[in-house]
Every structure is written in C-alpha cells, then in structure tokens.
Amino acid sequence: AKKAAVGHLREERLDKMKEEQRRIFLNHEAEVKELRAQLAQARRELRAVQKERDELFTQDRVKTCQLEDLRAEMKEQMQLGAGAGLRGRGTKSASRGVLSPDYDASRRRSGTGVGTYQAGRRGGGVRRFKHLTEMRISEECVNSVAITPDKSRIVTASDDMRVRVWDITTGLCEHSWQYESTPRALACDQTHVYAGFGDASIVKFDVQTWEATSFPSGHSFTVYVLMFAKGAPPQGERRATPMVSGAGDGELRVFDAGASKCLRALKGHSAAVKALAVVNGPPLSAAVMLSGGDDGEVRVWDMSSWECLHVVAGRGSGINSIVSLGTAAATEGRPQCVRVACASDDGHIYTLEYTKEPGWAESSAIPAHKDVVWALGSIAGHIVSASEDKFIKVWPSQTEPPWECTETLSGHGDAVCCLAVTQNHVFSASADGMLHMWKLV
C-alpha cells in the first residue's frame, strides 16, 4: 500500500511538472510570436523610411549632378571656344544616366582620374567619350552587364552569386536574385532576363513578377555566353527568336527561350566557348553566327540549318569577345567585305573579313592592350575594348585596319571585365565591383 501511495505521489508530481513546463513553453511561444510581429513591423517601418530617404537622396543628387555638369561643361566650352565665343551644346545634363552615392562629378574634370583621355585630341567635329558617373554594384567581380531592350534597366551578374536589375535613370537596384552558383552570362528579351551559371544551369527571371525559373541547359560545364540570335528564322513552339548558349564543354546549344527547351546542340569547338555574334550584310547572302573560345578558333554557322560553314584557325590564343562591324565598302585593291573584330587573350584585336572570294580570313592583328582583352563593343563607328590592364580603348572601326587608338578611358581600379553599349552610351564593369557610364558626345 505504501509503495502504491508513493507511486501515486510521483505520478502527481510528474503531471504537475509537465503541466508547468507546458505553461512555460506556451508563454515563451506567445512571447516569441509577439517579438516576431514587432520585428516585422519594425522592418516595414525601416523599409518605408529607407524608401523615403532614397527618394529624397535621388532628388538631391539629380540637382547636384546637373549643377556640377553645367559648371564643368561651361568651363570646357570657355576653354574650347576662346577667341570664337561659346559654342555650347546647351544645358542638357549628362546626369540623366546612372546615379549613385559614389558619384563625384569633380573627378570628370580635366586632369588625372576618371575620364582622362590619354590618346588623341578632339579636332573639329570629332566625337569623343565623356565620363558620366560611376557606382558600386557589388563587392566582388562583375562578370557580365546587359541592357534591357527598352533601354530602361541595367542587369549585372557578379561573383557574389547575385543577378541584379538597376533603374538606368536613378541608379537604384530594383531587384536582386541570389543563386547557389556564380552567374557568368546574361541575355535579355522584352519580359525576361536569362542568366548562365557556373553549375551549367540557365535561370529565367521575370522582370514583372520577379519570379525565377531554372531549367537544365544540357551543358556539363559553366555557361559563359548567352545571345539571342537576331536574324535567325523563328523557331520553337512560339516561333520566336532562338537563344544560343556557349559553355565550358565546347558546345553551343540553341533554345526556345520562352518554352525553356533546347532545340539542338552544336559541336565543333575543342575548348570553352566564350564569344558569340550575329553577322549580316553584303556580300553575305544571309545572316550567320560566329563563335569563338579558348581553342582560338572562330567558327561560322548557318542559322537556318545550324551547320558549320567555315573555321578560321586561330593563333593559339583564346577568343573572349566577337563584335560585328558591318559592311565595308570596296576600296582600290579590295572588294566589298563584311568585317568583324575579335578580342584575344594575348592582348590583340584580330579582324576577320568575308569576301566572295576567298571567303572568311584574318585581315589584321592589332596590339591593343598589354594584357588580356576581355570585351569589345561597337558604337557609332567606333570600337571600344576592355582589358585586364584596367583601361578602355577606343578605335576608329570605319577606317581600314590596323587601327590607331584614338582615346584611352581611365578610371577603373581593377580589370575591366565586361561592356554593354547602346546607341550613344557605354557601360563598363570591373573586377572591383564598380560600374562606369560613358557617353559619346
């Protein structure tokens, strides 16, 4: 009887202890829930304050930048127009481009620093590049920059595993996606941003809903380049412009981007493919696609059958970028031709030409930089080249190669890794996470 009584007391004590523990747990859970609600409210209030601060900062920065630009432009006009009066271009502010807290208009004035033109002087009517602004977009290397088709946004991909979308007018980040691999390539259409990653995947980002959809690329190594093959026949279920990828496995793949479906694989390169370009114009009968990579070869592809038409043998140095220069008129001793430029690991820019006879061939080798040339861009009769040596150089692409550098644009503190161009603007990004904006004036 005593044992039974002791056992009953123990059970009662255990029940009381369990009930007390349950009460304490419920109280703690209620406190945690309340604290989480308070934290969420604090975050909402903080975001509202930050948004208001950003709006006020942007308004103030626009006014400041416009004033600084006007002062710098008036000073420049006074220097150039001495003895002949002012020949001003008006008071239109260049600060309608990207703005950021890192912007310092004083660095664009004469002297050393950002926008110093080390080669070539402006003569009558000759256009030159003017540095507009700079901004920090990452703490790590920027691997790719792209402009949306409506020219309203800049898209960046960097080593911090983020793809970011920026408003091109205010310089504010609209959205940022983080992935489990490093983004290396970007391409944009009207509604989506496509990014190629180090794990060989391709991710489609909706710029309206900010949703991300990953789909297998079929590649086995890093996707280094993406491009919409404008000029190719519509393909896929939606009869849209195909997207082409190049990767570390040496393959190119053609996609119906809207359906996230691979249509076919193109083989031929023996090393990573890092450059793609569409080339059109007489004497070509139809647009073709050029590809280049670490094997040093440039391959020419028919965009109807996707068969390789020609291979231009390399010099043993990898190709990082290809840009079309259009049709060059016939000259004495040379018929009409289509010309392209290739950026090389050995610091050269190689030009290739297509004529009806003998076809594709290398035409010149230009010693452009002291280190690797990472990217090329074509803008209004000029080529801009970006290099590991931290400089951007400008070349007169409308003249016969080999060219002489007309301007050297400085300001980057590390290797300039990528470029994006519009009709009159160049966006350059470097390994230190900085983005610079230049305007052809």
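Here are some notes:
- Structure note, pairs LYS151/LYS274; LYS230/LYS439; LYS230/LYS267; LYS151/LYS370: Cα-Cα distances above 28 angstrom occur for LYS151/LYS370.
- Taking the Cα centre of segment 121-203 as origin and assigning +1 to Lys and Arg Cβ atoms and -1 to Asp and Glu Cβ atoms, the resulting dipole is close to 840 debye.
- Inter-probe distance in nm under a simple model that places probes 7 Å from Cα toward Cβ, at LYS370 and GLU31: 6.5 nm
- The C-alpha radius of gyration of segment 198-319, expressed as a fraction of 2.2 N^0.38 Å, stands at 1.06.
- Segment 237-300 shape via C-alpha gyration tensor axes, a/c threshold 1.5: oblate
- Placing +1 on the Cβ of every Lys and Arg and -1 on the Cβ of every Asp and Glu, with nothing else charged, gives segment 311-441 a dipole about its Cα centre of roughly 280 debye.
- Radius of gyration and maximum dimension Dmax of segment 137-219, Cα, Å: 11.7, 38
- Annotation: extensible slack from ALA5 through ASP414 equals 139.0 nm (criterion: 0.36 nm per residue apart, minus Cα-Cα distance).
- Cα-based Rg / Dmax (Å) for segment 307-427: 14.3, 45
- Taking all pairs of distinct alpha-carbon atoms in segment 386-441, Kirkwood radius in angstrom: 11.9 Å
- Placing dummy labels 7 Å off each Cα toward the beta-carbon, the span from LYS18 to GLU174 is 5.8 nm.
- Binning all Cα-Cα separations of segment 348-414 at 5 Å, short to long from zero, yields these whole-percent fractions: 4, 16, 26, 24, 15, 8, 4, 2, 1, 0.
Any read-out appearing in this document is the output of simple, stated calculations on the displayed coordinates, not a laboratory observation. Values in this document were obtained by computation on a predicted structure and should not be read as measured data. With ideal geometry, Cβ positions are generated from the backbone for all residues, glycine too; neighbour counts draw on all protein chains shown.
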